[in-house]
Amino acid sequence: MNDAYFLKLAIDEAKKSLDESGIPIGAVLVKEGTVISRGHNRLIQNDSVILHAEMDAIENAGRLSYEDYRKCTLYTTLSPCPMCCGAIILYNISRVVIGENTTLMGAESLLVDNDVEITVLDDSECKDLFDKFTKKHPEIWQKELDKVGNTTEIKKVDNCPIDNG
Ligand SMILES: [Zn+2]
């Protein structure tokens, strides 16, 4: 089983969200080749402010040990936002596979700066799913963007204490 296989499972989760009239973003957490949890964006379904797909998958995995988190790869259909990157960094998840980052860019550089290995698959199905949703429901998506000040990238990069030379 490879990255494409696990990303496909994350895409299935994104579709599940769409079926629930939610935002189509999905994620799965994989430990040493075994799926340990799945999640999808539940902001609309649960009237939540934190249940992004990645947070949902991490939450659904339960409370793992440091060693277990280190062995995990998180697959997500869309570039993760600063909140999700924060959880990934906090729990020392060692690798993140991202479906795509062209429809929306997240805080990937935060992951790289914190030694998280990232792989971007540039997957067309992930792009289509998200693109179709934002075009079909621009009012729903704009409302989400408004809440976060119109960006899911890192804020105030210039003030970032990390010196990359
Ligand atoms: Zn997020």
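The values are calculated or read from the model by the stated rules, or taken from the named source; none is laboratory data. Worth saying up front: this structure is predicted, and the values here are computed from it rather than measured. Virtual Cβ from ideal backbone geometry, glycine too; neighbours counted across all protein chains shown.
If you take the residues in the range 33-75 that are part of a loop (DSSP other than H, G, I, E, B) and in contact with a Cys (Cβ under 9 Å, 6 or more places away or on another chain), which one is surrounded by the fewest Cβ atoms within 10 Å (Cβ to Cβ)? Checking each candidate, the answer is 64. If you go through the range 106-124 and keep only what is part of a loop (DSSP other than H, G, I, E, B) and surrounded by fewer than 16 Cβ atoms within 10 Å (Cβ to Cβ), you end up with 114, 115, 122.
In the range 58-77, the residue that is farthest from the ligand (Cβ to nearest atom) out of those that are touching a helix residue (DSSP H, G or I) at 6+ places or on another chain (Cβ under 6 Å) and over 13 Å from residue 36 (Cβ atoms) is 77.
Before we move on, is residue 127 over 25 Å from residue 4 (Cβ atoms), at pLDDT 95 or above and either part of a helix (DSSP H, G or I) or touching a Phe, Trp or Tyr at 6+ places or on another chain (Cβ under 6 Å) (or both)? So residue 127 fails the test.
Out of contact with any Asp or Glu (no Cβ under 6 Å at 6 or more places or on another chain), more than 14 Å from the ligand (Cβ to nearest atom), under 22 Å from residue 4 (Cβ atoms) and not small (Gly, Ala, Ser), is that true of residue 102? Full working, then the answer.
Details: out of contact with any Asp or Glu (no Cβ under 6 Å at 6 or more places or on another chain): yes; more than 14 Å from the ligand (Cβ to nearest atom): yes; under 22 Å from residue 4 (Cβ atoms): yes; not small (Gly, Ala, Ser): yes.
Yes: the conditions hold for residue 102.
Selection of the range 76-94 for residues being within 22 Å of residue 5 (Cα to Cα) and either part of a loop (DSSP other than H, G, I, E, B) or charged (D, E, K, R) (or both) yields 79, 80, 93, 94.
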